[in-house]
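Derivation of every value follows stated rules applied to the coordinates shown; laboratory data play no part. Quantities reported herein were computed from a predicted structural model and do not represent experimental measurements. Cβ coordinates were reconstructed from backbone atoms using ideal geometry, including for glycine residues, and neighbour counts include every protein chain displayed.
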Amino acid sequence: MTKTTKRITFYSAVTVFLALSYVISLYAQGYRYNFSERRFVRTGAIYLKVNTDADVFLNNKLIGRTTFLGNSYLINNLLPGLYDIRLSKNDFYQWQKKISVEEGLVNEFSRILLLSNNKENAELLKEEITKLLYPKIAVPKVTLLPTGTIKPSVSPEPVKIGRFFIKNKTLYKNLEPKAEKISRGKMK
């Protein structure tokens, strides 16, 4: 290899590295390339939380199922625009909505209620609606605190910090090993 080909290889590798690192950092920050607009666009997301497990459809395509524990689903990396979301389950009415996704924002639907088709589940449905709309709030119990007694405090011993201190109505000059008496008399 000649010196010129080594330089060309090195500079092209540096250029490719810098370009890829720029694209990867944009991707990590939530940007995607929009081919119709020919630019990088920040993505948005949709968060769904349902009272029961359900199938999630995005623009009439099945994209997943709500999670087992929280009955929630997050659709992320969506380019800005209008999306048709549908939740469905057997023996339940389906929930459908057109959602506008904006750059850098999450649309949250945290109280979705799928209603049952069966008349037998009417009582369970009433309980679910009550739990969903009127959650129980923990109220602290009122307890009586014991009242303390007030006692007069004993006057503390004088602390010899500064240049002078008073003890038994006498002014003393503070000399570290031994205090020197200055005056004796009535103090106001």
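As a rough footprinting exposure proxy, the listed residues Ser116, Ser12 were ranked by other beta carbons within 10 Å of their own, and the order from fewest upward is Ser12, Ser116.
Cα centroid separation, segment 1-69 to segment 77-143: 30 Å. Going by neighbour counts of Cβ atoms within 10 Å, the residues Val41, Val50, Val14 line up, fewest first, as Val14, Val41, Val50. Qualifying chymotrypsin sites (Phe, Trp or Tyr not before Pro) in segment 69-102, where qualification requires a DSSP coil assignment and no more than 14 other C-beta atoms within 10 Å, comprise Tyr93.
Which ordering of Tyr33, Tyr134 is given by a fewest-first count of other beta-carbon atoms within 10 Å?
The most exposed by this proxy come first: Tyr134, Tyr33.
Residue separation of Lys141 and Val106 scaled by 0.36 nm, minus their Cα-Cα distance, works out to 8.8 nm of gained length. The length gained by stretching the chain between Leu20 and Arg32 to full extension, at 0.36 nm per residue less their Cα-Cα distance, is 2.9 nm. Inter-label distance, Leu133 to Asn117: 2.5 nm, where each label sits 7 Å from its Cα along the C-beta direction.
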